[in-house]
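Contents: one structure, followed by commentary.
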Amino acid sequence: MKREEEAILLRIFIGEHDRYQGKPLYQYLIEVFRQEGLSGATVFRGILGFGKKSILQSTAILCLSTDLPIVIEVVDKPEKIEKIKPLIDEAVKEGLVTEEKVKILLYQGNAYP
């Protein structure tokens, strides 16, 4: 069965070495999103990128970076996204967050045992 809904997609761009409350920031945010009951979130580790300071970060052996780019994506209903924004504001000291309206196509099969 397929269900369509309007939702909000947040993308949070941070560095691999960013930390909050003694743990990697990406881990902290994922744990908070789970505790807040969001539908799901994913962390992506970049292989190449640069940010505001134009410092190239890469996994290439000759210029192995110590702070690779991280992108966290979370998609949920607008009211749930609004609820987590203050938590993001508190934890992210340097980075970029984008927000966009999306249409989700949710495919639901049989329930897992």
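Rule-based calculations on the coordinates, nothing more; no lab input. Because the structure is a prediction, the values reported are computed rather than measured. Virtual Cβ from ideal backbone geometry, glycine too; neighbours counted across all protein chains shown.
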Quick one: which residues, 5+ away or cross-chain, put their amide H under 5 Å from the amide H of Tyr20? H built at 1.01 Å from N. Leu25
Which residues does a label at Thr98 reach in segment 11-41, if reach means a backbone N under 19 Å from a point 7 Å past the Cα toward the Cβ? 11-16, 41
Expressed in nm to one decimal, what extension gain is obtained for the pair Val43 and Met1 from 0.36 nm per residue of sequence separation less their Cα-Cα distance? 12.4 nm
How far apart, in nm, are two points set 7 Å out from the Cα along the Cα-to-Cβ line at Gln108 and at Lys77? 1.2 nm
Gap separating the Cα centres of segment 1-25 and segment 26-44, nearest whole Å: 6 Å
